[in-house]
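These notes are about the structure you will find just below.
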Amino acid sequence: MQTPRLSNPPYVNMKTRNKRLYYLDWLRVSAFGLLFLFHSWRPFDHFPWLIKNEEQSIFFDNLTFFSHGWRMYLIFLVSGAGTWLAIRARKGEFLKDRIKRLLIPFIFGALVIIPPQRFYEWVMFKGFNGDYLNFLMAYPAQQLGADMGLSQLLWFGHLGTHLWYLPFLFTMTLLTLPLLKGIQKGQITFGWLKAVMSTKAGVFVLVLPMIICRILLKPIFQEYTDWADFFVYIWPFLYGFIFMTDPDFIEIVKKRMFLLLSVGIVSSSIFIYAGSLGDRMVKAYLYPDFTWFHVGISICAMFIAISWILFFLGLFAKLMNFKHSILIPANSSILPIYVLHQSLIIVFGYYIVGLPLSMFAKFLIISLTAIPVSILLYKVIQTNNLTRFLFGLKPLTDTAREKAATDTNYYMKKVSD
């Protein structure tokens, strides 16, 4: 199990031109912050992961069940909104910008950031006894020797673990680009969708294509991040893009927050309860066959996804549309910290899970160790144009470089103090 958009700050279309939508910034920061916490508790649930604590807890199982049902859908929703803004801002430079922002960090991450994760996975689960240099001698052949068949998207997760999101988003954007440009130019309009969504339960029209895609594709492409997940995630991505064409969409979502929250709670409760009954439900959710049980699970899972992401969109639009001094630095740091965070969690976590402490204490130590180290590394990364390029950031001007270096020296001094 395993990130929206990693582009510039949000502004809407002509109706509210140049009006900053701070709630999208807050939503983006919060979605990626949850991702950090999600990976920090993964050693303590019962589901397979790169490292595992000797003891696991149903409490963390339920956290995983609940959040996995909507967290990546939320990220792709915000990614769609960000893609609208990026296309408008960059015009002819858009694809070049996507390569720099998405593919360069993925390639660098797969080569440099990800191998430590696999090293500790090999040590913990594959009986590997060599040092890191011995591992690096064997790792490329092992990775490149895999056979994905028709499931070429699986290479993204195989080579990049948590970084699969970056090439996923690039592929998604590339395939839908003619449609996205048609929408942005006003050649494709969605007045009909707004009319349907304005009815009492009309917001749930958005779940229908997601249900259909999952029912038809998941039994064929069962692995996570295969084509089934791609064509389910593509819908929240498109919805995020479409919502930027008209602020009335956000107003509709805000008016349906109670309904969305109610459906989200009920569907998540059903899903968690079903999961507690045994492995049959978990297997049918992850690796289904064409059965009525699969249909029921898919309907429930997609209602979970659409209910929670629209609820959080409405909640943030209603309560979080304000400026704060922490917002700009938090927003700009998301991509580098996203690239770094899981490797830090794995490296620190491998040693922390062996300590004679409670699971909750270990979870807190992992989080409170990896988060500040991620921030510190970001502060270093932002001072140099080479590292900025490798982590998908824009280059510094000379003045900005001096300021970044000064800020970093100050931060490091405060840490040492």
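According to the Kirkwood relation over distinct C-alpha pairs, the hydrodynamic radius of region 146-237 is 15.0 Å.
Expressed as a whole percent, how much of the Cα-Cα distance distribution for region 107-176 exceeds 19 Å?
On the way: 958 of 2415 pairs.
Tail of the P(r) past 19 Å holds 40 percent of the pairs.
Loop-located trypsin sites (Lys or Arg not before Pro) in region 130-197 (DSSP state not H, G, I, E or B) with no more than 16 neighbouring Cβ atoms inside 10 Å: Lys185. Over the chain, one equal point on each Cα, no solvent: what is log10 I(q)/I(0) by the Debye formula at q = 0.12, 0.14 Å⁻¹? Once normalised to I(0) and log-transformed, intensities are -1.06, -1.46. Projecting the Cα atoms of Ile113, Gly191, Leu166 onto the charge dipole of region 108-221 (Cβ charges, centred on the Cα centre) puts Gly191 farthest toward the positive pole.
Judged by the gyration tensor of its Cα atoms, with axes a ≥ b ≥ c, region 211-276 is oblate; a/c meets the 1.5 cut and b/c is at least as large as a/b. Distance from the Cα centroid of region 171-223 to that of region 41-80 is 26 Å (rounded to whole angstrom). The C-alpha radius of gyration of region 256-311, expressed as a fraction of 2.2 N^0.38 Å, stands at 1.17.
Using the 1.4 Å probe convention, the accessible area of region 50-205 works out to 44 Å² per residue with neighbouring protein chains retained.
Is there a quick way to get the dipole size of region 147-228? I mean about its Cα centre, with the Cβ of Lys and Arg at +1 and of Asp and Glu at -1; what is the value in debye to the nearest 20? Display every interim value, and only then the final one.
On the way: 6 positive and 3 negative charges, 107 e Å.
For region 147-228, the charge dipole is close to 520 debye.
Pairs of lysines 8 or more apart, or on different chains, with alpha carbons under 18 Å: count those in region 51-187, would you?
Values: Lys52/Lys126; Lys91/Lys100; Lys91/Lys181; Lys91/Lys185; Lys96/Lys181.
Lysine pairs meeting the criterion: 5.
Two decimals is fine: what is log10 I(q)/I(0) at q = 0.11, 0.14, 0.20, 0.21 Å⁻¹ for region 12-92, from a Debye sum with one equal scatterer on every Cα and no solvent? Log10 of I(q)/I(0), two decimals: -0.44, -0.60, -0.89, -0.95.
Roughly what percent of Cα-Cα pairs across region 160-293 reach past 24 Å?
Working: 3910 of 8911 pairs.
Everything past 24 Å amounts to 44 percent.
Hey, what's the Kirkwood Rh for region 28-73 if you take every pair of different alpha carbons, in angstrom? Each step should come with its number before you reach the end.
Working: mean 1/r = 0.0916 Å⁻¹.
This gives a value of 10.9 Å.
Counting only Cα atoms, region 39-154 measures 51, 39, 27 Å along its principal axes, largest extent leading.
Rounded, prolate or oblate: which one fits region 221-357, using the alpha carbon gyration tensor with axes a ≥ b ≥ c (rounded when a/c is under 1.5, else prolate when a/b beats b/c, else oblate)? It is oblate, given that a/c is not under 1.5 and a/b is not larger than b/c.
From the P(r) of region 79-147, could you give the percentage of C-alpha pairs in the tail past 19 Å? The answer is 52 percent, as a whole percent.
The values are calculated or read from the model by the stated rules, or taken from the named source; none is laboratory data. These numbers come from a predicted model, not from an experiment. Note that we place each Cβ from the backbone using ideal geometry, even for glycine, and neighbour counts take in every protein chain shown. Areas reflect the complete protein model, heavy atoms only, side chains present, ligands, DNA and RNA absent. Shrake-Rupley method; radii C 1.70, N 1.55, O 1.52, S 1.80 Å.
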